[in-house]
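Read the structure below first, then the notes.
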Amino acid sequence: MIDTSSSKLIDYLQQNPVARSFIVGSFSSTCSTLLFQPLDLLKTRMQNVQYLTANSHDSGVTVNKIKLMTTFSDVIRSESIVGLWRGTVPSLLRCIPGVGLYFASLHQLQTLICTTDEKPSAGQAMVIGLSARLLAASILIPVTVIKTQFESGQFSNKSIPSAFRLVYSQHGLRGLYSGAFPTILRDVPYSGIYYMFYSQLRNYAANCCLNSRNHHDNPQPNLETFINFTCSLVSGIFASIITHPADVIKTRMQLDPKGFPGLSSSVAIIFRDKGSIGFFIGLTPRLMRRAAMTAFTWTIFEHCIRSIGIK
């Protein structure tokens, strides 16, 4: 029964590449989200705590003293080790359909833009990555707002439905879409930049491996997995650094819609209070989490596709 069901599923995925991309992408995202959720929480806490201390009258606490390990210790002390996974459920609600849509859109767009067996150019990869993420990010903005609130520790939400109701009752529909523009400015360019680097680096590395061999077999699975992971990690690092200022703005707008009502005013407030460095608060945990999570997601995705023999 299991073998028959598995065979039917593989046959279905062979015949439906868009569904294949969605299902495998959602699975890889689930694994990565569970593994790296603590880093996302620490990033949100650092961005939030920096502003809480800036608005306090405690001159003995400065921004420079609020470090990653300090935030980590505070979470462990006040909420135990389990507190590091606060916000996991809304993260999964955001990432599972979001990443599934992203991979499905990537496949569909690449099929439309590139001919069969053609590798996308750098420009084409940028357009494909941007367009695929725009759809997923736009749909899931409300879930992102709730996820940010859960991670911040600033709100006493008991459940996801109650959090949605509370935001809507206090701020209306606008509250559920607070930070939408900077979220899109963060996620859409990230995906475009990432996919451009990833596709070009992977093609280059694969060609180098093939050229170094005396036959035309594909690279060994372990080598191919290493290539995918390395190219994905490097691409994620570049994309994370470039798009981090939008993440800082997004977090502040979602945690304090009244204090940070618009994009331009939020940029002005952050720059006034912290200067240019304020746009890179929380970069370390986000860099660790986003680059590593993207690398794991793509590596798991590529490995699963190869393992079931339907690529």
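Being assigned to a helix (DSSP H, G or I) and closer than 14 Å to I193 by Cβ is a property that does not hold for R286.
Against the list (1) surrounded by fewer than 22 Cβ atoms within 10 Å (Cβ to Cβ); (2) under 14 Å from the mean Cα position of the chain (by Cα); (3) farther than 22 Å from V267 by Cα; (4) aliphatic (A, V, I, L, M), the condition L173 fails is (2). In segment 244-259 there is at least one residue that is without any contact (Cβ under 8 Å) to a residue 24 or more places away in the chain and not charged (D, E, K, R).
Table: residues versus (1) within 22 Å of K250 (Cα to Cα); (2) free of Cβ contacts under 8 Å to residues at least 60 places away in the same chain; (3) in contact with a His (Cβ under 8 Å, 6 or more places away or on another chain); (4) not charged (D, E, K, R).
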| position | (1), (2), (3), (4) |
| --- | --- |
| L84 | yes, yes, no, yes |
| G87 | yes, no, no, yes |
| H107 | no, no, no, yes |
| S121 | no, yes, no, yes |
| M126 | no, no, no, yes |
| V145 | yes, no, no, yes |
| N157 | yes, yes, no, yes |
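Name the residue that is farthest from G98 (Cα to Cα), counting only residues in segment 130-160 that are crowded, with 18+ Cβ neighbours inside 10 Å and of a type in the set (D, E, K, R). Going through the qualifying residues, I end up with E151.
Residues checked against (1) in contact (Cβ under 8 Å) with a residue 60 or more places away in the chain; (2) within 22 Å of L255 (Cβ to Cβ):
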site	(1), (2)
T148	yes, yes
F164	no, yes
S178	yes, yes
D187	no, yes
G192	yes, no
Y195	yes, no
Y198	yes, no
L201	no, no
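For segment 218-235, taking the residues that are within 18 Å of A292 (Cα to Cα) and at pLDDT below 90, the one that is surrounded by the fewest Cβ atoms within 10 Å (Cβ to Cβ) is identified as F226.
For segment 67-94, the set of residues classified as within 30 Å of S199 (Cβ to Cβ), in contact with a Ser or Thr (Cβ under 7 Å, 6 or more places away or on another chain) and at pLDDT below 85 consists of S91, R94, listed by residue number.
None of A206, A239 is modelled with pLDDT under 85, surrounded by 11 or more Cβ atoms within 10 Å (Cβ to Cβ) and either of a type outside the set (F, W, Y) or in a loop (DSSP other than H, G, I, E, B) (or both) except A206.
The values are calculated or read from the model by the stated rules, or taken from the named source; none is laboratory data. Since the structure is predicted, the reported quantities are computational estimates derived from the model, not experimental observations. Positions of Cβ are backbone-derived with ideal geometry, glycine not excepted, and every protein chain shown enters the neighbour counts.
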